[in-house]
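The values are calculated or read from the model by the stated rules, or taken from the named source; none is laboratory data. Worth saying up front: this structure is predicted, and the values here are computed from it rather than measured. Please note: Cβ atoms are built from the backbone with ideal geometry, for glycine as well, and neighbour counts cover all protein chains shown.
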Amino acid sequence: MGETAITFLIVPVVTAFIGYVTNWTAVKMIFHPREPVGIGPLKWQGIVYRLAPKFASEIAATTGKVLSPDDVVDRVAPAALATRVVAEHPGEVDAIIGEAFDALASGAWESMAPPARDQLRSALLAQVDESAGAAVAELGHRAGELVDLDRIIVDQLSGDNADRLARVAGEVGARELRFIELYGGVFGFVVGLVQAAGYSMFGRWWTMPIVGAVVGLGTNWLAIQMIFRPLEPRRYLGLITYQGMFPKRQREIAVDYGRIVATEVLTPRNLIDHISASPALADVGRDLTERARVQIASMRPLLTMLTGTEPSDAQLDKAVGVLTERLGHLLGVARASVEDHLAASLRLDALVEDRLGALDKLQFERMLRGIFEEDEVILVVIGGALGGAVGVVQGGMIVALGL
């Protein structure tokens, strides 16, 4: 086999290896290492981990364009929730009613005939249904104060939860990241053919590291651009139609992200914990307690008939206090039921999927662009450095083989 043939065999293969390895390394550097490694200015930490709060904020901002606190509150379905809690915890409900009724007349609940109990229970549960609707309406008025979706998303995707962010980014951008790796090899092979032709013409080994550096720089830069641009299909040279991989897969990615949002980020558990810690919840509680007092006061004729004595304002206040305190406790006991109900009624996965799939492409790309944009220059330069280093080895092989 002639020297030129051997050159054209070895050089493109090695250059393809350069392209693949540099791009593979760049992808790994996005996610690894989890903790900083190195000394001084040479220290490196995976981009996702180092910039987790910033990247999580980008995702939160994108999510905020398709989902609002009002969307969450509007989907609670309060009447169905109240019905489910009552049906699944009848003993606790009767205990609450009995304790509240005893606040009006000590021992009256135990001495009450079953039909009278049923009548009182039905009346109170009707008030509960109405109160549940009023509670959600009040939450709706204060949705922006009670539910900070940006904060929940950032909390769930950064800090101690940065591993989740890395996994989400890896899942959402899996195809794009794999493309970067494979593209490096393919493009490197093509450039290697040009490199071999150049070496055959000029016969200088030092062209190898130069071309290797160019390959490393070019493949990393171009691969990143091809992920996001063009936003819409565009025809090149009248032969090839191409659209950036990320915008092309917008609908598919919306499905994946909607599932992740509903099952890992804006879960019923996380939403409940977040609202429970909100300072605005105390104001909502006071408003609802006052509403409950008005509703119980409207039942005064029925209560008078059942107890034989018209309850005083102080007794009504005491009964309302018992009801609100015990209902709060009941919601804690029934939390699993509440979470199951919210998971079924919120359906945030379908909502996010539908709206994110139709989002403006420039706004959509911010979900993934941040991890490349922040240190894109570094990734490209490292690709060039690695390409140049492998090119030196490549040139040494050519000299050693006497080609």
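Quick notes on this one:
- Residue selected from segment 273-299 under the condition under 21 Å from A56 (Cβ atoms) and among the hydrophobic types (A, V, I, L, M, F, W, C), by the criterion surrounded by the fewest Cβ atoms within 10 Å (Cβ to Cβ): A277
- Scoring L67 on the criteria (1) closer than 30 Å to L368 by Cα; (2) in a helix (DSSP H, G or I); (3) touching a residue at least 60 places away in the same chain (Cβ under 8 Å) leaves a single failure, condition (2).
- Taken as a whole, the structure places G64 among residues that are surrounded by fewer than 18 Cβ atoms within 10 Å (Cβ to Cβ) and either outside the structural domain of D340 (by TED's automatic domain parsing) or under 17 Å from the mean Cα position of the chain (by Cα) (or both).
- Any hit, segment 184-204, residues being within 27 Å of V66 (Cβ to Cβ), in the same structural domain as I10 (by TED's automatic domain parsing) and surrounded by 15 or more Cβ atoms within 10 Å (Cβ to Cβ): no
- Residues in segment 277-310 that are of a type in the set (D, E, K, R), touching a residue at least 12 places away in the same chain (Cβ under 8 Å) and within 29 Å of L146 (Cβ to Cβ): D283, D287, R291, R293.
- Boolean, S278 is closer than 30 Å to L351 by Cβ and in the same structural domain as S111 (by TED's automatic domain parsing): yes
- Of all residues in segment 74-108, those satisfying the criterion of being without any contact (Cβ under 8 Å) to a residue 60 or more places away in the chain and part of a loop (DSSP other than H, G, I, E, B) are S106, G107.
- Qualifying residue in segment 342-353 (condition: within 16 Å of G98 (Cα to Cα) and surrounded by fewer than 14 Cβ atoms within 10 Å (Cβ to Cβ)): no
- Pairs where the first residue, in segment 109-120, is farther than 12 Å from T307 by Cα and the second is among the polar types (S, T, N, Q) and outside any helix (DSSP H, G or I), C-beta under 7 Å, 6+ apart: none
- Residues of segment 274-299 satisfying the condition of being over 40 Å from the mean Cα position of the chain (by Cα) and under 19 Å from E99 (Cβ atoms): R293, Q295, I296, A297, M299
- Residue check, S122 modelled with pLDDT of 75 or more and hydroxyl-bearing (S, T, Y): yes
- Some residue of segment 216-232 being part of a loop (DSSP other than H, G, I, E, B), free of Cβ contacts under 8 Å to residues at least 60 places away in the same chain and not assigned by TED's automatic domain parsing to the domain that holds H341: yes
- Segment 23-58: number of residues that are under 24 Å from V390 (Cβ atoms), aliphatic (A, V, I, L, M) and not in a helix (DSSP H, G or I): 1
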